[in-house]
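In what follows, a single structure is set out as structure tokens and then discussed.
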Amino acid sequence: MAYTGVLEDFQRIRELKKPRRIPCVACSEEFDVRWHGKYSYEEFCQDGDKIYEVYKAAIDEFGFDWAWVQIDDCYEFEPAGIAVKGEGNFLRATYGYLPVNQETIKNLPEMNPLKDGRMPEKLKAIKRLKEHYKDSLLICGSCAAPFSAVGLMWSIQESMLLLLTNPVLLYQAMDYWLEFYKRYIKAQKDAGADAIWLGDCNAFGNMVPAPLYVEHILPVTKKLVQYCEKELDIMIWMHNSETNLENILSHLPIGASFENIGPAGDISQISAALKGKAAFSGNLDPLEVLWKGTPELVKSETTRIISSCKANGGYIFNTGEMNPREVPAENMKVMMDTARKLAEY
């Protein structure tokens with residue numbers, strides 16, 4: 001179960017101070033829906049009451065120290081006119097991309113998170129979770145970062161090409177999403193979110209080398225993060241699924257509260273390099289360990305990761321990426337039970 005003082009521990013980690021214990025979380029919503037067993041993912045993702053019901057059941061069963069209201073990547077793109085598809089237990093994804101030109105940017109709507117698309121249902125879920133759990137766990141909302149939003153609007157291929165062929169058009173598109181995300185994140189904070197999961201996997205270092213990232217993506221991302229951290233006083237939790245130390249260090253000027261490390265990263269090396277510089281989370285492998293591994297392997301890897309990071313501080317235990325829906329419940333229990341036993345300082 002979540003615990004009294006958990007928000008203070010997140011805050012102390014954010015400030016690179018010693019917490020009472022390491023918060024233990026998991027990127028688990030696909031697993032949560034299957035484990036709960038009452039709804040398909042497509043039913044779940046459209047209804048704030050169902051989202052609340054599923055998350056509450058999973059939090060109470062497995063003892064996550066957060067509610068990760070990430071759901072899918074399409075909430076803000078459907079009202080913008082981008083075609084989206086999802087059915088059954090397949091998560092929604094964008095596919096009907098808009099024309100790549102200034103006219104498209106000019107004609108994008110000024111979306112209202114309180115009224116448009118499924119966004120009000122997400123806000124309802126956040127509100128209900130906060131009302132129920134109050135400050136006994138961290139409520140984490142979500143949105144894409146501006147660069148990844150351009151990829152979801154115009155396709156990953158086009159967003160990558162613009163880095164080289166037309167960065168000015170890329171900046172204009174990112175600026176649209178920057179201004180929208182200020183409103184969307186504020187709406188999530190007003191609903192009760194303590195933090196925002198800022199997804200920018202399209203800027204993963206194997207796709208965008210650090211120099212290109214620093215030149216073209218970092219300045220806009222930094223504007224959004226600084227606005228949220230300083231003006232809204234909400235914690236930003238970056239996730240590029242990053243594994244390369246050079247790329248992780250290149251993110252430091254952005255000033256996010258936390259960064260989640262991808263499953264292939266050398267967590268011992270990263271922990272040592274970030275000591276006293278930035279807070280982070282990660283990076284248990286959700287595929288080879290949590291899904292396909294034995295309970296003994298899950299316990300061993302959880303122990304190894306926490307042992308590698310605990311002494312250096314600034315650390316939150318998490319999986320490195322989304323947990324597959326077919327993860328055995330026993331493995332999830334072993335991971336969370338082991339993490340909690342090692343969490344106390």
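The values are calculated or read from the model by the stated rules, or taken from the named source; none is laboratory data. All values reported here derive from a predicted model rather than from experimental measurement. Backbone-built Cβ (ideal geometry, glycine too); neighbour counts: all protein chains shown.
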Need the failing condition index for H251 against (1) closer than 30 Å to K115 by Cβ; (2) surrounded by 23 or more Cβ atoms within 10 Å (Cβ to Cβ), just the number. (1)
Suppose the filter is under 20 Å from C140 (Cα atoms), in contact with a Leu (Cβ under 9 Å, 6 or more places away or on another chain) and not β-branched (V, I, T); does N331 pass it? no
Out of K50, K106, sole residue that is over 17 Å from the mean Cα position of the chain (by Cα) and either surrounded by fewer than 15 Cβ atoms within 10 Å (Cβ to Cβ) or among the small types (G, A, S) (or both): K106
How many residues, within the range 199-257, are of a type in the set (S, T, Y), in contact (Cβ under 8 Å) with a residue 60 or more places away in the chain and in a helix (DSSP H, G or I)? 1
For the range 121-139, name all the residues that are over 13 Å from D73 (Cβ atoms) and either polar (S, T, N, Q) or crowded, with 24+ Cβ neighbours inside 10 Å (or both). A125, I126, L129, S136, L137, L138, I139
Can you say whether N260 is outside any loop (DSSP other than H, G, I, E, B), within 20 Å of the chain's Cα centre (by Cα) and buried (at least 19 other Cβ atoms within 10 Å of the Cβ), as far as the supplied structure shows? yes
Among the residues in the range 203-212, are any surrounded by fewer than 20 Cβ atoms within 10 Å (Cβ to Cβ), of a type in the set (S, T, N, Q) and under 20 Å from I254 (Cα atoms)? yes
Across the range 324-345, which residue is farthest from G282 (Cα to Cα) among those that are in a helix (DSSP H, G or I) and hydrophobic (A, V, I, L, M, F, W, C)? A329
Selected residue (criterion: surrounded by the fewest Cβ atoms within 10 Å (Cβ to Cβ)) from residues of the range 24-35 that are closer than 23 Å to Y3 by Cβ and not small (G, A, S): W35
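Here is a yes/no grid of residues against (1) among the hydrophobic types (A, V, I, L, M, F, W, C); (2) at pLDDT 95 or above; (3) within 18 Å of Q188 (Cα to Cα):
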position: D72; (1), (2), (3): no, no, yes
position: A80; (1), (2), (3): yes, yes, no
position: Q102; (1), (2), (3): no, yes, no
position: P113; (1), (2), (3): no, yes, yes
position: E121; (1), (2), (3): no, yes, yes
position: I126; (1), (2), (3): yes, yes, yes
If I filter the range 155-179 down to residues being out of contact with any His (no Cβ under 8 Å at 6 or more places or on another chain) and crowded, with 21+ Cβ neighbours inside 10 Å, which single residue comes out as farthest from G81 (Cα to Cα)? L162
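Yes/no matrix, rows are residues, columns are (1) modelled with pLDDT of 95 or more; (2) of a type outside the set (V, I, T); (3) surrounded by 16 or more Cβ atoms within 10 Å (Cβ to Cβ); (4) farther than 24 Å from L91 by Cβ:
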| residue | (1), (2), (3), (4) |
| --- | --- |
| P286 | yes, yes, yes, no |
| T303 | yes, no, no, yes |
| I306 | yes, no, yes, yes |
| V327 | yes, no, yes, no |
| M332 | yes, yes, yes, no |
Taking the options G282, G320, name whichever one is modelled with pLDDT under 95, over 14 Å from L198 (Cβ atoms), under 19 Å from the mean Cα position of the chain (by Cα) and crowded, with 22+ Cβ neighbours inside 10 Å. G282
Name the residue, out of K275, K299, K292, K310, that is touching a helix residue (DSSP H, G or I) at 6+ places or on another chain (Cβ under 9 Å), among the basic types (K, R) and without any contact (Cβ under 8 Å) to a residue 60 or more places away in the chain. K299
